[in-house]
1. At a temperature of 37 °C and a viscosity of 0.692 mPa s, determine how fast the stretch B:279-356 diffuses translationally according to Stokes-Einstein, using the Kirkwood radius over alpha-carbon pairs as Rh; express D in µm²/s, rounded to the nearest whole number.
2. Give me the angle, in degrees from 0 to 90, between the Cα long axis of helix A:310-319 and the longest principal axis of the Cα atoms of chain A, rounded to the nearest 10.
3. Loop-only check: which GluC sites (Glu not before Pro) in the stretch A:1-46 are DSSP coil with at most 16 other Cβ within 10 angstrom?
4. Hey, rough spin-label estimate for B:T332 and A:T145, points 7 angstrom out along Cα→Cβ, what's it come to in nanometres?
5. Can you pull out the buried accessible area for chains B and A, both sides counted, probe 1.4 Å, rounded to the nearest 100 Å²?
6. With a 1.4 Å probe and all protein chains left in place, how much of the accessible area of chain A comes from carbon and sulfur atoms, in whole percent?
7. Taking 7 Å along the Cα-to-C-beta vector as the label spot, tell me the A:E354-A:R96 distance in nanometres, rounded to one decimal.
8. Could you size up the charge dipole of the protein assembly as shown around its Cα centre, putting +1 on the beta carbon of Lys and Arg and -1 on that of Asp and Glu, and report it in debye to the nearest 20?
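The values are calculated or read from the model by the stated rules, or taken from the named source; none is laboratory data. Just so we're clear, the structure is a prediction, and the values are computed from it rather than from any experiment. Here the Cβ is made from the backbone with ideal geometry for all residues, glycine too, and neighbour counts use every protein chain on show. Side chains are part of the model used for accessible areas, which takes the heavy atoms of the whole protein and leaves out ligands, DNA and RNA. Shrake-Rupley method; radii C 1.70, N 1.55, O 1.52, S 1.80 Å.
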Number of protein chains: 2
Amino acid sequence: MAIGFLDELINVPGEWLRAEGPESDIVISSRIRLARNFSGFFFSNILEGEARRQLIEMVREAIAKTSLLKESEFFYNDKLTAVDNEFLVERHLISREHAREKRERAVCLMKDEIISLMILEEDHMRIQMLQSGFKLKEVWGTMDTLDSQLEKSLPYAFHPEFGYLTACPTNVGTGIRISSMLHLPALVMIKQLSKVLQALQKMNLAARGMYGEGTQATGNFFQISNQITLGLDELDIVDSLEKVIRQIIGHEREARQALLKSRKFRLQDQIGRALGILKNSYIISSNETMTLLSMARLGLDLSLIGGMNTRMLNELFLLIQPSHLQRIAKRTLSAKERDIRRAELVRERLKSVELA
Amino acid sequence: MAIGFLDELINVPGEWLRAEGPESDIVISSRIRLARNFSGFFFSNILEGEARRQLIEMVREAIAKTSLLKESEFFYNDKLTAVDNEFLVERHLISREHAREKRERAVCLMKDEIISLMILEEDHMRIQMLQSGFKLKEVWGTMDTLDSQLEKSLPYAFHPEFGYLTACPTNVGTGIRISSMLHLPALVMIKQLSKVLQALQKMNLAARGMYGEGTQATGNFFQISNQITLGLDELDIVDSLEKVIRQIIGHEREARQALLKSRKFRLQDQIGRALGILKNSYIISSNETMTLLSMARLGLDLSLIGGMNTRMLNELFLLIQPSHLQRIAKRTLSAKERDIRRAELVRERLKSVELA
């Protein structure tokens with residue numbers, strides 16, 4: 001059952017890669033995550049057996065009472081295979097940590113993948129909303145509603161002075177993490193990105209790779225997120241992050257224009273070569289593919305490449321990931337087999353793509 | 001006048017790249033060069049002014065009396081521009097040394113580029129025959145005839161014990177240098193080429209790059225030639241070199257089959273990527289182009305690439321050289337301009353080439 005539902009997902013890109021919404025040439029996605037814990041239970045790490053099962057059922061019942069999650073699917077971890085778990089991680093629907101948890105846990109998903117809930121991750125419940133394009137405020141609006149709907153039937157652990165209590169003190173207060181995934185190839189190319197990252201650090205913002213904490217920034221994708229969760233209103237956090245991201249977008253756009261002006265041939269060359277390799281390789285790693293697809297995406301944004309749209313290209317970023325390849329193949333693949341299948345898939349998908 | 005004739009040449013590949021003749025998938029060309037000097041003149045290096053002019057006229061008259069050079073063109077160096085000289089070097093019709101000589105010198109060419117004569121290079125006269133494919137004996141037959149025709153009207157400096165006298169002692173005796181240009185990508189890929197080169201050294205044979213002595217072996221092209229010119233009959237030298245080359249051809253063929261068998265994907269990958277870059281780059285050096293064209297040529301030989309023939313591909317090896325690009329552009333180009341024009345030319349020429 002679980003697998004059937006996940007198999008349906010493979011045919012569409014995850015919401016965060018749909019290339020819709022404002023500024024979607026640079027802002028891949030807007031994401032908000034809330035951490036919530038319940039009074040009357042130990043924190044997840046020391047919660048065991050029957051209590052875990054009780055907590056999961058309590059959340060499941062609460063979900064059933066909301067309007068926003070009426071159409072959701074609910075999975076217990078014993079129904080999820082290793083490839084299923086990895087698949088959900090690749091689609092940014094659950095965290096690596098949650099995928100690794102062997103004890104009782106559950107996942108709740110909306111089919112459009114905009115809302116997902118992890119039950120018994122580091123916190124008792126983490127609610128995520130993920131949408132393509134730059135629309136943090138809109139996302140926050142829905143999240144706020146959902147949070148209120150769930151709060152009606154769940155005993156949120158809330159302290160009048162500290163706010164929402166969380167397993168890790170860095171999340172205490174609002175329990176909110178807001179992030180946007182940006183594609184910043186031009187800033188990387190003109191070697192201005194490190195400046196941007198330094199500035200972010202000073203503002204207590206974090207920049208991470210595509211797959212969150214501890215992951216490398218492959219393919220020139222950067223997740224920019226708030227670090228401070230305490231002592232601020234959620235809307236203030238959204239506002240200040242939006243302002244910063246708007247500036248970064250401006251810098252990236254300037255960098256792209258500067259490249260087009262001062263080194264058009266070099267730029268065309270890099271984009272062309274990337275496309276040439278993607279269209280003609282027979283063995284390719286996911287890392288190399290991400291790097292080359294990033295150049296192709298830039299080419300598309302600058303109209304230097306034709307014959308496809310951003311959504312198709314974004315979808316490829318996802319399909320080339322290990323467990324997506326295995327789900328397509330309907331079997332486990334060795335690393336070498338994946339490199340061959342990945343090359344085949346990319347050649348096939350980019351067949352009609354040409355330099356403009 | 002000179003320039004007009006050279007402009008005609010640009011539209012056809014040099015004879016040595018016509019991809020005709022036996023074993024032309026591996027043996028690009030067969031080349032024989034004879035060094036001849038005349039009694040009554042100092043060697044070229046110390047010969048000056050009027051004596052140089054006299055020598056040139058003497059050779060010109062002798063040429064006119066031969067049947068084989070009846071249709072030839074004759075150029076004095078003051079008619080050759082820097083680009084003309086470089087152009088002739090790139091087509092293997094004159095040596096770099098000859099191109100650099102500022103004093104009186106001359107070049108005689110057959111339009112089919114099979115026979116060329118350098119007058120007042122290191123030796124008074126060097127006769128070259130260059131044909132595509134593996135046919136050293138055939139080439140030697142014609143060369144022998146031409147040599148006899150010229151000898152009738154030229155005072156060859158010949159010593160009963162040492163044979164033909166030459167400016168450099170390494171050429172004394174027969175004055176012959178026989179070479180074949182081989183394309184050995186598979187031996188390079190399976191790392192067996194150094195063994196082959198070591199064996200050649202033991203047999204007193206030399207292996208050089210595409211542009212002769214002191215040049216690097218770019219594009220997996222190797223010129224194999226005799227070193228010993230003294231104490232052997234010309235036909236014996238041809239024979240023994242033929243035997244060795246036949247062995248190398250065998251090794252290269254085995255290596256290609258081994259690659260197809262044991263690492264087909266890797267091979268396809270390398271060939272595909274090379275083609276992908278060639279078809280999509282906007283700035284490319286001649287060295288990189290040679291390396292990538294070498295892979296494309298291997299792909300063509302192994303039927304992994306379609307949409308073109310070897311001759312078209314071979315022609316590209318020549319057209320991408322600096323002075324060929326400048327002759328096409330009809331003006332001097334900076335290195336950067338050449339890299340851009342080269343990429344443009346290659347993209348255009350390989351437009352219809354695809355992986356099979």
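1. Rounded, D is 260 µm²/s.
2. The angle comes out near 60 degrees.
3. Here the GluC sites (Glu not before Pro) that fit, given the DSSP loop and packing criteria, are A:E20.
4. Here the modelled spin labels are 7.2 nm apart.
5. Summing both chains' loss of accessible area gives about 1700 Å².
6. 52
7. 4.2
8. 20
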